[in-house]
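Undergrad: One structure, as structure tokens, below. Some questions next.
Just so it is clear, none of the values below were taken in a lab; they were calculated from the coordinates. Just so we're clear, the structure is a prediction, and the values are computed from it rather than from any experiment. For neighbour counting, all protein chains shown are included, and Cβ atoms are generated from backbone atoms with ideal geometry for every residue, glycine included.
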């Protein structure tokens, strides 16, 4: 850890991508608070799926469910086919192991998730079943319920529905996951007050 931190301090542009190794080590050592602080300090990589996935696993395993929910909402918006990834019956360890050999991959797609999970593979060897069950439960509870669908609410316009969907809000249940701070940037009002 000390060596990676020293390299990262010298190479702030992170040409050697030490940030992923540092974050993976925090996650592997079950140090969620330090992992979160490190991610928050890397402001230029705030939307980096590889960093966010490691933080998600740390949040799930550390019992930080509100943080995990916020990350999951972000992934629903940011990553193509994220819901399909969550709906798998078994965690795709084989694909994650295969991704360990990749040097790079496309951003914000299902393959980027396999690539993002690879730095914490040792942890996933024992925790993958729990992680997949958590992802399945998230989809079942927050996305898949058609009775919870926003389309049947007459006071929401199609524009407002699309803004909500872009922000990971697919049903009424999703609102309980969001704080006021997270909901305000959605800009649901079509005209200023």
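Undergrad: Using Cα centres only, tell me the gap between region 38-60 and region 1-18 in whole Å.
TA: Computed from Cα coordinates, the inter-centre distance equals 16 Å.
Undergrad: Between residue 12 and residue 42, with labels modelled 7 Å along Cα→Cβ, what's the label distance in nm to one decimal, could you check?
TA: 1.7 nm
Undergrad: Then there's this: Among 93, 124, what is the fewest-to-most ranking by other Cβ atoms within 10 Å?
TA: Listing 93, 124 from fewest to most nearby Cβ atoms yields 93, 124.
Undergrad: Among 156, 72, rank each residue by its count of other Cβ atoms within 10 Å, from fewest to most, as a rough exposure measure.
TA: Ranked by crowding around the Cβ, least crowded first: 156, 72.
Undergrad: Mind running the shape call on region 9-130? Use the C-alpha gyration tensor, a ≥ b ≥ c as the square roots of the eigenvalues: rounded below 1.5 for a/c, prolate if a/b tops b/c, oblate otherwise.
TA: rounded
Undergrad: Also: So, in nm, how far is label residue 159 from label residue 100 when the simple model puts each one 7 Å beyond its Cα toward the Cβ?
TA: Each label point lies 7 Å from its Cα, and together they span 5.1 nm.
Undergrad: Then there is this: Got a sec? How would 64, 130 order by Cβ neighbour count within 10 Å, fewest to most?
TA: 130, 64
Undergrad: Kindly list the residues of region 126-142 that lie in the label zone of residue 88, defined by a backbone N under 17 Å from the point 7 Å along the Cα-to-C-beta vector.
TA: Counting backbone N atoms under 17 Å from the label point, the list is 126-140.
Undergrad: Under 14 Å from a label point 7 Å along Cα→Cβ of residue 137: give me every residue in region 61-80 with its amide N that close.
TA: The answer is 61-69, whose backbone nitrogens lie closer than 14 Å to the label point.
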